[in-house]
Amino acid sequence: MLQLIIIILGVAFILYTLLGGADFGAGIVETFAGRKGEKTISKAIAPVWEANHVWLILAIVILFTAFPLVYSTISIALHIPLMIVLIGIVLRGSSFTFRHYDVAHGITHKYYTAFFQISSFMTPVFLGITLGAMILGDISVENTGSFYGLYVQPWFNIFCLVMGLFTASLFGYIAAVFLISEATYPVEQERYIRLSKMFLLLTFVMGLLVFTTAELKNHHLFDAFFNSRLSIAAFSAVILLIPFILYLFRHPHTLYLRAAIGLQVTLVMLGWFAIQFPILVYERHGHHLTFYNTQAPAATLYQLLIALFAGLLLIIPSFYFLFKVFKINNGQNSSLRQTRH
Amino acid sequence: MDDLVAARLQMAISLGWHIVFACIGMTMPVLMAFSEWKWLRTGKQVYIDVAKAWSKGVAIFFAVGAVSGTVLSFELGLLFPGFMKHAGAIIGMPFSWEGTAFFVEAIALGIFLYGWDRLNKWAHWLSGVVVGISGVMSGIFVVSANAWMNSPAGFTWQNGKAINIDPVAAMFNDAWFSQALHMTLAAFVATSFAVAGVHAFLLLKNRTNAFHRTAVRIALSFGAVAAFLQPISGDISAKDIAERQPAKLAALEALYHTSQPADLIIGGIPNNETQEVDYAIHIPAMLSFLAHGDFDAKVTGLDKFPEAERPPVLVTHFAFQIMVACGFLLAFAGLLYFIFSARWQAVLEKKWWLTFIACLTPLGFIAVEAGWTVTEVGRQPWIIYGVMKTEDAVSPIPGLQFSFYMITGIYLLLTLILIWLMRRQIATVPTYYPSARNINE
């Protein structure tokens, strides 16, 4: 039962990274995509972004129902970065919707765009910082100490910052690749391909920096990585996918591209889960919070599982339908591919 | 500012803000689906125009509702981690059902808003119906979680820990039905009357406009039915809290002394010093009847509770008076609407009637805010009634007032933008929808 809930939590997390990440990333990519890019991006994310972000709500609900102690611990220790994430989510969603629906262009349009782009970047950075702090192990469950030591130090450091930048860069990469198939004319498509390559390189470098800065903070990710066969396999597969994706950049194919990046992101997450498992939050004095020592009573897990299964039975077909209507039946990409050859 | 006060105020602002969008999200899909159904049946352009124009406004409100709801799911922990540490496992179930319902709602709404040209007409309508149903369901689930705070069930509290957890019993606690019914009706009353009010205001400028006339008619029909039923649901709620939360009833009635029979106290200013309500109207024995269905029944007053366990009387009493006054005025307007549409349809075109409806625009939402104030402030000092105090649940992090100021500032700014944006949206309606053009233009 616990295993099933962990799997669903993991899946929700991966889907949020992939779909919510693509939405955040679209705001980052937009900064480099020019005036026409704004139109493509708005059109691409408007029908789906709200549904994409519900994966986060689902993950949070699973967390506070099944692992309440994890939720309350990070709520206290990481209050500041989480609050910034929330403000980012509010500003991003509102400014995007306002821009999409507001009637006239002009000065307000510029403000909406500025808020949308800045919050699209800041939110993933602070999401990454939050995750980084959960990994790093400077969170204390005992509430004794200075304000700085308890509520700032756990996340205000080089490793967490790099985690934040890695997250933003990964989201930008996902978005740029998704947008290749949303472009409406060849020059624009070229631009997204260039951006995809740029973000791929950036994400790769940031990934290496994550490991390096972890060593600086005395958190031995390299060791953990080499001790887990699953994560070695996953990360090798991620690297092996790169030539294939580069090939696809030259011969874009919507489905293959999206499948390839989906697989790549899933593997990155799996590799990371493999290193972490079963720890959710590393604690300063070694009282790590794991799936096992924080799980809710069996009756709760059982009811949660029923709700999740019934929910997924409803959500998955309707999600598929949503994407079929707006993403799969787009029909504009086949012509684009021909003009490229 | 005290951290506890800051945390409570931030929660109040966040909830009070979100509830407006939640009400719109519960009600508007039903109204839109109804209008589209009329179009499918009659083929009249005006119905589809109304449905489409509404859907644009709903898209904006829904987005803000979705992000402000996300904020709440985090704030439960950010502000009251002591509460969520214990309550998460007990009331996670209604939250997970709420998550599911909201997920379906978000997906179906995406299809409804952007699928006008991509789907078969009836399939499109069906997506609207799905939005309506899942919206109401998600409201009911989340209210059930709140009801549990008023009427804790499904666990045993031992040595500061919850054991023998039964999530099903927690979800179907004694308060869930009366609260869910009252809130669902309130959402329909508030949203329908606000929508009718805005269209009535626009209709005053040109009284032959078919678009606004249709919109007013649809919104008022729903609003009138809901407003008419609301006092009945209120009575169920009152009898329920008289049994379960006598301290809350005493506070909202400002009943300082246990009485048999007890007077209904209307208005006035509760005075904690003298334990009297100054300048109030008393209706003899009426409270006994309303609370227990018997003019001779004994009603527990605040004197039966230790000082430390009494809710703030002034705020609760005032909020309750405001809620009831707004509710009755709207129920009265609903009654008039029934009478006029059955007998004197000409009245519905009159200037005074439209002015009256336009003036009612904010009342439903004022009642909703006041009602939540009653239920939340009336539960104090408890966060889980009789089990855990709010002060024991608040986050230990100092300086909570800063996040309160920040959230308040942001929500204030967004409110101003939303009002301004809606005005711009409304101004474009005649350009997009032929039926909204004035005939003499």
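The values are calculated or read from the model by the stated rules, or taken from the named source; none is laboratory data. None of the values given here were measured: they were computed from a predicted structure. Here the Cβ is made from the backbone with ideal geometry for all residues, glycine too, and neighbour counts use every protein chain on show. What goes into the accessible areas is simple: the full protein's heavy atoms, side chains included, and nothing from ligands, DNA or RNA. Shrake-Rupley method; radii C 1.70, N 1.55, O 1.52, S 1.80 Å.
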### Message
What are the extents of the Cα atoms of chain A along their three principal axes, in Å, largest first?
### Response
61, 44, 42
### Query
How far is the Cα center of region B:315-359 from the Cα center of region A:40-106, in Å?
38
### Message
Give the average, rounded to an integer, of partner chain Cβ atoms located within 10 angstrom of each Cβ in A:299-310.
### Response
6
### Message
Could you tell me the calculated FRET efficiency between B:F356 and A:Y101, based on Cβ-Cβ distance and R0 = 25 angstrom, to the nearest 0.05?
### Response
0.20
## Note on the structure
Scalar couplings 3J(HN,Hα) for region B:295-301 by Karplus 6.51 cos²θ - 1.76 cosθ + 1.60 (θ = phi - 60°), nearest whole Hz, x for Gly and Pro, are 5, 10, 6, 8, 10, 5, x
### Query
How high is the FRET efficiency from B:I283 to B:F402, r the C-beta distance, R0 45 Å, rounded to 0.05?
0.45
#### Entry: Rg/Rg_globular for chain B, with Rg_globular taken as 2.2 N^0.38 Å and Rg from C-alpha atoms
1.03
### Query
Got a number for carbon plus sulfur as a percent of region A:2-340's accessible area, 1.4 Å probe?
72
### Message
Please compute, over every Cα-Cα pair in region A:195-304, the percentage with a separation greater than 17 angstrom.
### Response
65
### Query
Tell me, what HN-Hα J-couplings in whole Hz come from the Karplus equation 6.51 cos²θ - 1.76 cosθ + 1.60 at θ = phi - 60° for each residue of region B:396-409, using x for Gly and Pro?
x, 5, x, x, 4, 4, 5, 6, 5, 4, 5, 4, 4, x
### Task
Would you mind checking the tilt of helix A:21-45 against the longest principal axis of the Cα atoms of chain A, expressed as 0 to 90 degrees and rounded to 10?
30
### Query
In nm, to one decimal, how far is the A:F147 label point from the B:E273 one, both placed 7 Å along Cα→Cβ?
3.7
### Query
In Å², rounded to the nearest 100, what is the total accessible surface buried by chains A and B against each other with a 1.4 Å probe?
5700
### Task
Quick one: of B:K44/B:K350; B:K85/B:K298; B:K44/B:K351; B:K121/B:K350; A:K36/B:K38; A:K324/B:K56, which pairs are farther than 30 Å apart, Cα to Cα?
B:K85/B:K298; B:K121/B:K350; A:K36/B:K38
## Note on the structure
Comparing B:T27, B:T415, B:T300 in a Gaussian network model of chain B (Cα, 10 Å), the one with the largest mean-square fluctuation is B:T415
### Message
Going Cα to Cα from A:K327, which lysines come in below 18 Å? Please leave out same-chain ones fewer than 8 positions away.
### Response
A:K39, A:K43
## Note on the structure
Computed, not fitted: 222 nm per-residue ellipticity of chain B from DSSP H runs ≥ 4 (each -39500 (n - 2.57)), nearest 500, equal to -25000 deg cm²/dmol
### Dimensionless Rg/Rh of region B:153-277 - Kirkwood Rh, Rg from C-alpha atoms
1.17
### Query
Taking Cα atoms, how many degrees apart are the long axis of helix B:3-42 and the longest axis of chain B, rounded to 10 and kept between 0 and 90?
30
#### Entry: Degrees between helix A:186-216 axis and first principal axis of chain A (Cα, 0 to 90, nearest 10)
20
## Note on the structure
Each label sits 7 Å from Cα toward the beta-carbon; between A:L2 and B:I366 the label points are separated, in nm, by 5.5
### Task
Return the long-range amide H neighbours of A:I139 (sequence gap of 5 or more, or a different chain), with a cut-off of under 5 Å between placed amide H atoms.
A:R284
### Query
Rounded to the nearest 0.05, what FRET efficiency is calculated for A:Y185 and B:N159 with R0 set to 51 Å and r the Cβ-Cβ distance?
0.15
### Task
Count the net charge of all other residues whose Cβ sits under 14 Å from the Cβ of A:V54, scoring Lys and Arg as +1 and Asp and Glu as -1.
-4
### Task
Write down the accessible area per residue of the protein assembly as shown in Å², having rolled a 1.4 Å probe over the full set of protein chains.
40
### Message
With the cut-off at 1.5 for a/c, could you classify the protein assembly as shown from its C-alpha gyration tensor as rounded, prolate or oblate?
### Response
oblate
